[in-house]
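Structure, as structure tokens:
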Amino acid sequence: MRRSFIFLLLLLTCQPSCIWKLWSKEKPVEEQILDMYGEVESISLDKLVIQSKGGSQVFIMAPSSIKGSDFGAGDIVHVYYKVKGDDREVTMVVQKIG
């Protein structure tokens, strides 16, 4: 009995993250903020196109999108975005320095 109690106590104290994942649900993809690196092909007030490892990627620039600096074609950027239907909407895009 005592060994079972000690084992249970160790299990609960050593694995809280695993137990927490059993009870928590992952956010739907529409609520997640995703990110990607790439080289800017073009940018306008309503669209950002980057070249990444996966090929050319198109993002929608919304009025709420944050553009971290004045960058242009050829610059490497880090894009944070949300999936909205079939579109990927930029939440923030910043130039990668270094």
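For the reader, a short list of remarks on this structure follows.
- Hey, SER69 surrounded by 10 or more Cβ atoms within 10 Å (Cβ to Cβ), modelled with pLDDT of 95 or more and of a type in the set (Gly, Ala, Ser) or not: no
- Residues located in region 85-95, provided they are open to solvent by 50 Å² or more (accessible area, probe 1.4 Å) and of a type in the set (D, E, K, R): ASP86, ASP87, ARG88
- When residues of region 72-84 are limited to those that are among the charged types (D, E, K, R) and touching a strand residue (DSSP E or B) at 6+ places or on another chain (Cβ under 6 Å), the one most open to solvent (accessible area, probe 1.4 Å): LYS82
- The set of residues from region 50-66 being farther than 12 Å from GLY38 by Cβ and either surrounded by fewer than 16 Cβ atoms within 10 Å (Cβ to Cβ) or among the small types (Gly, Ala, Ser) (or both) comprises ILE60, ALA62, PRO63, SER64, SER65, ILE66.
The values are calculated or read from the model by the stated rules, or taken from the named source; none is laboratory data. Keep in mind the model is a prediction, meaning the values are calculated, not measured. We place every Cβ from the backbone using ideal geometry, glycine too, and count neighbours over all the protein chains shown. These area figures cover heavy atoms from the full protein model, side chains too; ligands, DNA and RNA do not enter into them. Shrake-Rupley method; radii C 1.70, N 1.55, O 1.52, S 1.80 Å.
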